[in-house]
Structures are given as C-alpha cells and as structure tokens.
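Presented below is the structure to which this report refers.
The values are calculated or read from the model by the stated rules, or taken from the named source; none is laboratory data. As the structure is a prediction and not an experimental result, all values here were calculated from the model. Neighbour counts run over all protein chains shown; Cβ positions are idealised from the backbone, glycine included.
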Amino acid sequence: MLDVPRATTSEPNETHFDLRKEAEAAGITDTLQQLERELIGLKPVKSRVRQIASLLLIERIRQRVGLASAPPTLHMSFTGNPGTGKTTVALRMAKILHGLGFVRRGQVISVTRDDLVGQYIGHTAPKTKEILKKAMGGVLFIDEAYYLHRPDNERDYGQEAIEILLQVMENQREDLVVILAGYGERMTSFFASNPGFRSRIAHHIEFPDYAEAELLVIAELMLKERGYRFSAAAREAFERYIALRRTQPFFSNARSIRNAVDRIRLRQADRLVSDLDRMLDVADLETIDPIDVLASRVFSGGADARSAKP
Amino acid sequence: MKLTQGCFSFLPDLTDDQIYKQVQYCLANGWAVNIEFTDDPHPRNTYWEMWGLPMFDLQDAAGVMMELAECRRVYGDRYIRISGFDSSHGWESVRISFIVNRPPKEAEFELVRQEVGGRAIRYTTVRKPAAHAEQ
C-alpha cells in the first residue's frame, strides 16, 4: 500500500502501447530533456544514458506483456577527468531509474573510501553494511572507487569492503544500483585487479573532457543562473582565460570554471564597492567587466602552478 | 503454545513480504528500526539483545531484511523481533514491535498461583523447564 507499485506481469490483453505516453508516465522524457538542456557537451554520455533509458522502458513494457526478461544488471561505472559531470549524471540516472521503477526510492548515497573502509579489524564490515543499507532502494555512488583497492598493501581493509560490495551487487540486484566513478586510467587498473567488478558492471560510460567553446557556454550558463552576464569584452577575456587555464596544472573542467566564476563575482563586487560615491544601476550590478576577468592570477603566469590551488 | 507478544502475534506468522511492508511503514514514519533477539521471551523480559545498532536514515526496508536474514542465520533458534522507535518529541518510545522469528519448539509458560496472607493471591509466570531443557 505504501509501496511504489512495481511493474505487474498481468494484463495480458494489452497488445498496443503508446510509447510516448509510457515514457511520459515514467517521467523520463522530462529528465532526458533536462539532461540535454543543463549539461553542455558530453555527447557520448547523453547518448548512452538515452540508450539505457530506452532499454529500461522497453524492458518494462516487455515485462507487462509477459515476454521473457531477466532483471537487467544496472550497475555502472563512470570514468572521466575531474569536473566532467559524473556526479550530476549519477543524480539524473537515479531519477530515470526511479521513474521507470527499477529502483524503489531513488535516493543517491554518495560515498568515498572513507565511508566504506574502517580503521581497524572488524570495523569495515559494519561500516560498509551501514552504507549499503542506507542505499537500498536507490543508487550508491562510489566516487574515486579505485582507492578501495590498495595494491601495495595486501592487508588493507579495502578488500573486505570490496567483497561485501560484490556480494550485495550480485545478490540484491533489484534492491540497489551501484555506480563507480573515477578517473579513466586508474579505474582501468582497478578493474584489472578486481575482475569481479568489471563483470558485474553492465554499463561503462566514459566522460570526455570539455572543449573550450563548451566551457565558455558552461560559464555563461553559470553566470546566468546567478543573475550575471559578461560584457562583450569580458567574454572575449574569459575565452583567453579558459585557453590559458587549461594548460595549467590542476585544471578540472567545469569545476575550475565554477571556481573561476565565483572568484570573478568576488572581484566584481570588490570593484563596485571600491568606489562608494558612484550611483549604481542594474546593468552595473549584473555586468562582468573585462577587468574582473583579467585580474586573475591565471594571466600572470598562473599562481596555481606554484600553490596547489584548484 | 504460540507466544503472543507485540503486534500481529494472534495472526499467523508474517511472511517476509509482509514484514517488508511493515518495516517500510516504520521507515516512512521516520522511525528507527531495530532487530532484537532472545532465548528468554518471558513477558517481563523487556530487554532483548540487539542485533547491531538501530537502523537510522534508511530509505528502503531491503536493508532491514538483509540484516534480518543475517540474524536468522545466526540466531534462527531464538525469538527475533523487530521494533520501530519514534524519536520525535512527545513520543520518544517504541511505536511498534512484532515477532519475526520463533524457535522450532516454542517456549512454554505457566501461571503459578500462591495464596498469601489475608486470602490475597500472588501470581507468577513461570517458564516450564521441560521445554527449556529440550532446546
């Protein structure tokens, strides 16, 4: 009664299905459109997400007519550089899975090694189980999953967490979906040393880096959300900023852009406040001038290179 | 003799699906769900041993069912009950408690009557030793 209704196997007299209605009822049209609208670039990711959503939609209809279907394995791995939108897509994915009824509650529990692995003998299993219990009925998102495995220390407790995870991923497939995320190369070596994971994960999705033009669109979208806009000259300055920032260390795609936008807002506010006698209008408040962008350390050779600042 | 304690105990034993739904009801109300077990189900024995910690912040009853399966594996020959604790102000107490596992041979109790001064009667619930020894 309080349960989310699961897809029923009865109603055998249904022979025709309105796909549009089915998709809308599951709420995936909205979620996919939102994904398209709010995530710039990421073409391969979007098409994989759409494929998975289509598969699940068809799977659900097939279940209704009673066509043979094993419950699909939904565990996924997201690989890509920092700031390419892995967490954001995981949140959307949870929504899609929930809409289609493949997870019952749709919450996303985001964890890292620290949340799963204990500090002394006998501490890991309860800790991992605690997290798994919280994630039941939803999505467990393990960020930087390769830290679970420490090849240099064979007595590391991470292995214990991995074993519990694998067991639950196999036995309780209908209760939760596990998404592993991390940087490409390290995930590959992680899977190589834990073949159990690789075979239990159905969907490997790679997140490409953003192109410069895409980063600019992202920056403008972020500014718009916060009620700002670039002046033409500032926009051009920011293009140069992106080109420079990309070559400097600790560049993490959209996250670096978000930090840059936040710092630009700081400098804009500082510029406005520095002249107290001036009368401001709305345009002043919302416009980012080139000086706000150009004051960044990125242009002076990048202080980021010396101090480890993201 | 079927032990009757807590909710639903006059009904046939709950199936796992029914337990799942009851637990989900507890979670939907924001109660912390506990699994407790004992080999001494005397009605006055309020404090059963706990299986792990109370389960806070769960969204789905599957997590509780996972622990219950584990508890049954270890203590399948004992009584196991699930209780839901409501921590909200004014309640701060157990709102639901029901038995989810019974030993193959149930505990048996009898009522012992004792006459005391002034024709007053004192009652004692005594566990029958036979059933206890057989376990």
Under the condition of being free of Cβ contacts under 8 Å to residues at least 40 places away in the same chain and charged (D, E, K, R), which residue from the stretch B:71-87 is farthest from residue B:30 (Cα to Cα)? B:73
Evaluate the stretch B:88-98: report whether one residue or more is crowded, with 19+ Cβ neighbours inside 10 Å, touching a residue at least 24 places away in the same chain (Cβ under 8 Å) and aromatic (Phe, Trp, Tyr). yes
Residue B:8 vs (1) farther than 30 Å from residue A:139 by Cβ; (2) among the hydrophobic types (A, V, I, L, M, F, W, C); (3) more than 12 Å from the chain's Cα centre (by Cα): all pass except (3)
State yes or no: is residue A:223 within 18 Å of residue A:83 (Cα to Cα), part of a helix (DSSP H, G or I), over 18 Å from the mean Cα position of the chain (by Cα) and modelled with pLDDT of 90 or more? yes
Name, by its number, the condition in (1) on the phi < 0 side of the Ramachandran plot; (2) assigned to a helix (DSSP H, G or I) that does not hold for residue B:112. (2)
Can you tell me how many residues in the stretch A:240-255 are surrounded by 17 or more Cβ atoms within 10 Å (Cβ to Cβ) and in a helix (DSSP H, G or I)? 5
The lone condition residue A:83 fails out of (1) in a loop (DSSP other than H, G, I, E, B); (2) surrounded by fewer than 19 Cβ atoms within 10 Å (Cβ to Cβ) is (2)
Filter the stretch B:28-50 down to residues that are assigned to a strand (DSSP E or B), more than 11 Å from every other protein chain (Cβ to nearest Cβ) and either touching a Cys at 6+ places or on another chain (Cβ under 8 Å) or of a type in the set (Lys, Arg) (or both), then give me how many there are. 2
Within the stretch B:71-83, which residues are within 24 Å of residue A:171 (Cβ to Cβ) and either within 13 Å of another protein chain (Cβ to nearest Cβ) or outside any loop (DSSP other than H, G, I, E, B) (or both)? B:71, B:72, B:73, B:74, B:75, B:80, B:82
Within the group B:58, B:11, B:68, B:53, which residue is without any contact (Cβ under 8 Å) to a residue 12 or more places away in the chain, within 14 Å of chain A (Cβ to nearest Cβ) and not in a strand (DSSP E or B)? B:53
